[in-house]
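One structure is given below, encoded as structure tokens.
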Amino acid sequence: MKRIALVGNMNNNFFAITRYLRDAGYDAHLFYKLAMEHFQPFADSYDTWYEAYCHQVDWFNDGFHNADINEIRTTLNGFDFFIGQGEEAAIAYKAGFNMDVYFPYGSDVYKYAQLPPHYSWASKLKSLVVAKNDRPTYKQMAEGTMAKYLRGTIVNAKYILADATNDDFENELKLLGCKGKYMNVPMPFIYYPTYEKLFDGYIPKSNHVDLINKIRSNNDFMLLYHGRQEWATYHNKFTGKNTHHLIEGFAAYVNDCPTAKACLVMLEYGSDVAQSKQLIQSLGIEKYVHWLPKMYRKELMYIIKHADVCCGEFAHSFLTFGTVIEAMLMKKPVITYRNDSYYLTTYPELYPCYNAKEPDEIKEAIYLAINNKNDRLLKGEQAYKWVMQYFIEKPLKELLRIIEASE
């Protein structure tokens with residue numbers, strides 16, 4: 001039995017893969033640092049049996065440069081295969097471990113790995129003159145920045161596995177000059193067996209169940225967007241989601257149909273929650289919009305199940321990402337922007353969706369979804385089958401093939 005170390009857990013991605021690999025008979029273990037609460041293993045499971053093989057590490061408690069390299073070597077020695085992602089994979093690379101597979105998650109490629117690999121001479125000189133606990137020492141600076149090791153673990157991985165995305169992201173990945181084999185293989189970042197019980201009527205422990213049931217009972221149509229509010233604040237060219245297009249499109253619909261029993265449900269999550277609330281107020285649609293707090297996936301999936309349609313994003317074309325995959329696993333169709341030409345050479349077919357980007361297109365998508373329930377339900381069923389086949393079963397089969405072919 002091969003022992004597999006999954007090093008990193010950005011957005012809880014590897015928690016799912018660890019469980020799939022254990023289901024396949026491997027002794028897989030997850031090593032992850034403490035991150036945002038809603039991206040921890042307990043946020044994505046209804047039990048605690050995972051604790052025996054999911055290990056929270058304290059490697060970065062004193063900063064990247066002060067990580068105990070010998071401790072990391074002791075922890076990771078004895079594993080036969082390494083799957084990496086993010087900062088944990090970077091420090092493992094510094095400790096001498098090359099990744100067999102690296103799964104990019106986004107900003108690791110287009111932001112953090114692109115930062116300077118070395119500190120400036122001015123920074124090094126300052127470290128000699130002014131000693132501070134929160135500043136790396138001269139010796140540590142001479143070793144290079146965290147970006148150097150993140151880039152190193154990506155560039156030297158034997159395989160880079162990532163779904164087909166768009167030209168902008170693909171170009172950023174090419175700039176790194178990866179030596180390993182790059183393959184369009186999605187990262188199956190959600191463990192679907194956990195949520196199959198929702199189809200059988202399971203109700204998770206959550207403070208939001210009663211509220212969502214009330215919202216559902218008071219409306220004939222529930223539109224859900226459970227991603228980040230990102231449209232007014234600029235971080236970089238990849239983070240904007242044009243959430244205001246959704247709000248404006250929904251407003252156009254309810255203005256045309258003011259007696260419609262339809263609502264939009266969103267999360268207080270992201271940089272632009274306040275701006276979105278102001279926009280909703282200015283459009284006069286407050287009574288149609290319900291806000292929920294940011295929550296764990298194990299709570300969120302129940303809400304998704306009770307929605308009629310879910311939403312992706314309306315700025316960049318991405319085929320598979322959190323909100324749309326979670327929706328489709330609950331058999332919900334999505335309204336999202338997708339440039340099909342990016343993906344038709346990778347996939348023989350794409351999941352059905354309401355393809356929309358501008359507010360008027362989103363308004364039309366809402367009309368179509370409300371006025372043709374049978375088509376809406378069919379889209380949800382077909383999307384579920386697509387996700388199971390192309391996002392979970394085939395990628396896992398390819399990952400297992402790579403593992404078995406390794407020495």
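Does the stretch 214-236 include one or more residues that are of a type in the set (Gly, Ala, Ser), out of contact with any strand residue (DSSP E or B) (no Cβ under 8 Å at 6 or more places or on another chain) and either in contact (Cβ under 8 Å) with a residue 40 or more places away in the chain or assigned by TED's automatic domain parsing to the domain that holds Asp168 (or both)?
Of all residues in the stretch 214-236, those of a type in the set (Gly, Ala, Ser) come to 217, 227, 232.
Subsequent filtering for residues that are out of contact with any strand residue (DSSP E or B) (no Cβ under 8 Å at 6 or more places or on another chain) retains 217, 232.
Retained after the next criterion (residues that are either in contact (Cβ under 8 Å) with a residue 40 or more places away in the chain or assigned by TED's automatic domain parsing to the domain that holds Asp168 (or both)): 232.
For the stretch 214-236, residues of a type in the set (Gly, Ala, Ser), out of contact with any strand residue (DSSP E or B) (no Cβ under 8 Å at 6 or more places or on another chain) and either in contact (Cβ under 8 Å) with a residue 40 or more places away in the chain or assigned by TED's automatic domain parsing to the domain that holds Asp168 (or both): present.
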Show the residue pairs meeting these rules: Cβ distance below 6 Å; 6+ apart or different chains; first residue within the stretch 188-203 and buried (at least 17 other Cβ atoms within 10 Å of the Cβ); second residue assigned to a helix (DSSP H, G or I) and modelled with pLDDT under 95. Phe189/Asn13
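Within the stretch 384-402, how many residues turn out to be over 15 Å from Met187 (Cα atoms) and surrounded by 15 or more Cβ atoms within 10 Å (Cβ to Cβ)? Show your work before the answer.
Start the filter on the stretch 384-402 by keeping residues that are over 15 Å from Met187 (Cα atoms), which leaves 384-385.
After this cut, where a residue has to be surrounded by 15 or more Cβ atoms within 10 Å (Cβ to Cβ) as well, the list is 384.
Residues flagged as over 15 Å from Met187 (Cα atoms) and surrounded by 15 or more Cβ atoms within 10 Å (Cβ to Cβ) within the stretch 384-402 amount to 1.
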Look through the stretch 38-69, keep the residues that are touching a residue at least 12 places away in the same chain (Cβ under 8 Å) and among the small types (Gly, Ala, Ser), and return whichever of them is farthest from Arg22 (Cα to Cα). Gly63
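Out of the stretch 227-254, which residues are under 18 Å from Ala365 (Cα atoms) and touching a helix residue (DSSP H, G or I) at 6+ places or on another chain (Cβ under 8 Å)? Steps first, answer last, please.
First, pick out the residues of the stretch 227-254 that are under 18 Å from Ala365 (Cα atoms): 241-254.
The answer is Thr243, His244, His245, Leu246, Ile247, Glu248, Gly249, Phe250, Ala251, Ala252, Tyr253, Val254.
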Residues in the stretch 80-99: is at least one over 16 Å from Arg297 (Cβ atoms) and of a type in the set (S, T, N, Q)? yes
Among the strands (runs of 3 or more DSSP E) confined wholly to the stretch 1-100, which include 2 or more residues that are more than 20 Å from the chain's Cα centre (by Cα) and under 21 Å from Ala162 (Cα atoms)? 3-7, 81-84
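Does Ala89 meet the test of being touching a strand residue (DSSP E or B) at 6+ places or on another chain (Cβ under 8 Å) and under 22 Å from Ala147 (Cβ atoms)? Break it down into steps so the answer makes sense when it comes.
Details: touching a strand residue (DSSP E or B) at 6+ places or on another chain (Cβ under 8 Å): yes; under 22 Å from Ala147 (Cβ atoms): yes.
When the stated conditions are applied, Ala89 passes them.
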If you take the residues of the stretch 331-342 that are surrounded by fewer than 20 Cβ atoms within 10 Å (Cβ to Cβ) and out of contact with any Ser or Thr (no Cβ under 8 Å at 6 or more places or on another chain), which of them is farthest from Asn219 (Cα to Cα)? Ser341
As an exercise: evaluate Ile392 against (1) within 20 Å of the chain's Cα centre (by Cα); (2) not in a helix (DSSP H, G or I) and give the number of the one condition it does not meet. (2)
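Filter the stretch 295-330 for residues that are part of a loop (DSSP other than H, G, I, E, B) and among the hydroxyl-bearing types (Ser, Thr, Tyr); which is surrounded by the most Cβ atoms within 10 Å (Cβ to Cβ)? Break it down stepwise before answering.
Restricting attention to the stretch 295-330, the residues satisfying the condition of being part of a loop (DSSP other than H, G, I, E, B) are 295-296, 306-308, 312-321, 330.
Next, from what is left, pick out any that are among the hydroxyl-bearing types (Ser, Thr, Tyr): 296, 317, 320.
Numbers: Tyr296: 18, Ser317: 21, Thr320: 23.
Step by step, filter the stretch 295-330, then rank; the result is Thr320.
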Which condition does Ala274 not pass, out of (1) outside any strand (DSSP E or B); (2) touching a residue at least 40 places away in the same chain (Cβ under 8 Å), if it passes all the others? (2)
Selection count, the stretch 137-171, where residues are crowded, with 20+ Cβ neighbours inside 10 Å and of a type in the set (Asp, Glu): 1
The stretch 348-382, residues that are loosely packed, with under 15 Cβ neighbours inside 10 Å and polar (S, T, N, Q): Asn371, Asn372, Asn374
Quick check on the stretch 157-169. Is at least one of its residues touching a strand residue (DSSP E or B) at 6+ places or on another chain (Cβ under 9 Å) and within 23 Å of Arg297 (Cβ to Cβ)? yes
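The values are calculated or read from the model by the stated rules, or taken from the named source; none is laboratory data. Everything numeric here is computed off the predicted structure, so don't read it as measured data. No Cβ is skipped: glycine too gets one built from the backbone with ideal geometry, and neighbour counts run over all protein chains shown.
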